[in-house]
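Below is one structure; the comments refer to it alone.
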Amino acid sequence: MGKRFGLRASITLVASLLGGAAAASPAADQVRATLEAKYPGSPLGTVTESPVPGIFEVVWGKNLVYVEQTGRYFLFGNLYDMVGRADLTSPRRAELMKVAMDTLPMQDAFARVIGNGERKVALFTDPDCPYCQRLEQAFAQVGNVTIYTFLFPLDSLHPNANLVARKIWCAGESQRGAAYDAYMARGAQPDNAGQCDNPVARNVELGRKLNIQGTPYLIGMDGSTKPGALAPADLDAWLNASNRVKAAQ
């Protein structure tokens with residue numbers, strides 16, 4: 001850990017003297033070829049030069065890593081420009097995590113409408129997640145939103161959530177939203193065995209493909225993503241921003 005922090009600190013120091021965006025180059029192409037040879041089958045995306053000489057930004061699945069030209073040493077974490085006072089990694093990571101809402105299988109979700117429903121958002125939620133319950137309270141306060149709700153139980157954390165999710169779906173198309181709301185508010189489970197045809201397993205697999213590692217997880221109309229529970233004011237601002245950007249496109 002000491003060596004990793006030392007190298008990371010050195011990169012941060014060098015970055016404080018440099019600027020500019022990552023760019024493709026013959027050197028980056030060579031690093032990509034090296035990584036492909038060293039790590040066959042890895043989820044390797046684009047490779048570009050970082051602002052730090054000799055260090056390359058690598059898209060690795062949904063993650064960003066930094067690597068030197070031999071492909072042996074990797075850096076995990078954020079790269080900062082101390083002169084520009086800018087985090088260079090977080091905006092890039094946010095772009096990688098974007099999800100086009102029209103690519104989501106809406107037949108595996110159910111819609112809940114609060115107020116006039118003019119703002120749209122997709123929600124991956126675990127019925128037994130306390131942060132999901134907190135987010136539902138925030139939704140009720142901000143209003144005017146249509147929530148496309150994907151049941152996404154985290155079995156490793158909440159062993160009963162998968163059954164509850166299936167029961168909510170099996171409550172029937174017209175009752176799913178009400179069944180979900182009742183469980184989140186009062187812990188009232190639908191009166192069925194949860195044995196109908198349901199999308200819960202597909203939603204779990206979809207979440208893994210999207211690199212969703214916790215709940216709640218929001219996907220906005222503009223493709224932006226937001227993990228975790230938000231306070232009402234923050235949720236309202238995020239919904240406005242994600243829907244305004246989409247409307248302007």
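The values are calculated or read from the model by the stated rules, or taken from the named source; none is laboratory data. These numbers were taken from a predicted model, which means no experiment stands behind them. Here Cβ is always computed from backbone atoms with ideal geometry, including for glycine, and neighbour counts include all displayed protein chains. Ligands, DNA and RNA are excluded from the accessible area calculation, which covers all protein heavy atoms including side chains. Shrake-Rupley method; radii C 1.70, N 1.55, O 1.52, S 1.80 Å.
Candidates Ala94, Tyr183, Tyr80 compared by Cα position along the dipole of region 75-188: farthest toward the positive end lies Tyr183, with charges placed on Cβ. Scanning the chain for chymotrypsin sites (Phe, Trp or Tyr not before Pro) in DSSP loops with at most 13 neighbouring Cβ atoms within 10 Å leaves 77-249 as the longest stretch between them.
Taking a ≥ b ≥ c as the square roots of the Cα gyration tensor eigenvalues, region 112-249 comes out prolate, since a/c reaches at least 1.5 and a/b is larger than b/c.
A DSSP coil position with no more than 10 other Cβ atoms inside 10 Å describes the following trypsin sites (Lys or Arg not before Pro) in region 61-169: Arg72, Arg85.
Lysine pair count for the chain with Cα-Cα distance under 23 Å and sequence separation of 8 or more or different chains is 15. The relative contact order of the chain, computed from alpha carbon pairs under 8 Å that lie at least 6 residues apart in sequence, is 17 percent.
A crude spin-label estimate for the pair Glu36 and Thr103, with each label 7 Å from Cα along the Cβ direction, gives 2.2 nm. Dimensions of the chain based on its C-alpha atoms, expressed as ranges along the principal axes with the largest first, amount to 61, 36, 35 Å. How about region 50-152: which GluC sites (Glu not before Pro) there lie in a loop by DSSP and see at most 12 other Cβ atoms within 10 Å? Taking region 50-152 and a limit of 12 other Cβ atoms within 10 Å, the loop GluC sites (Glu not before Pro) found are Glu118. The smallest convex shape that holds all Cα atoms of region 81-175, its convex hull, gives 158 Å³ per residue.
In this structure, the amide hydrogen of Arg119, modeled 1.01 Å from its nitrogen in the peptide plane, lies closer than 5 angstrom to those of Val145, Thr146, counting only residues at least 5 positions away or on a different chain. Sequentially through region 33-41, phi angles give Karplus couplings (6.51, -1.76, 1.60; θ = phi - 60°) of 4, 5, 5, 4, 6, 6, 10, x, x Hz, Gly and Pro residues having no value and appearing as x.
Computed in the context of the full set of protein chains, the accessible area of the chain at 1.4 Å probe radius has 54% of its extent on carbon or sulfur. Helical runs (DSSP H, four residues minimum) scored at -39500 (n - 2.57) apiece and divided by the length of the chain put the mean residue ellipticity at 222 nm at -12000 deg cm²/dmol. Which of rounded, prolate, oblate describes region 179-218, given a ≥ b ≥ c as roots of the alpha-carbon gyration tensor eigenvalues and a/c under 1.5 marking rounded, otherwise prolate only if a/b is larger than b/c? Because a/c hits 1.5 or more and a/b fails to exceed b/c, region 179-218 counts as oblate. Amide H contacts of Ser50: Ile55, Phe56, Glu57, each under 5 Å away and 5 or more positions distant or on a separate chain (H built 1.01 Å from N in the peptide plane; Pro and chain starts excluded). In this simple spin-label model, placing a label point 7 Å from the Cα along the Cα-to-Cβ direction at both Met82 and Gln213 gives a separation of 2.7 nm. Here the chain is assigned +1 on the Cβ of each Lys and Arg and -1 on the Cβ of each Asp and Glu. Its dipole about the Cα centre then comes out at about 380 debye.
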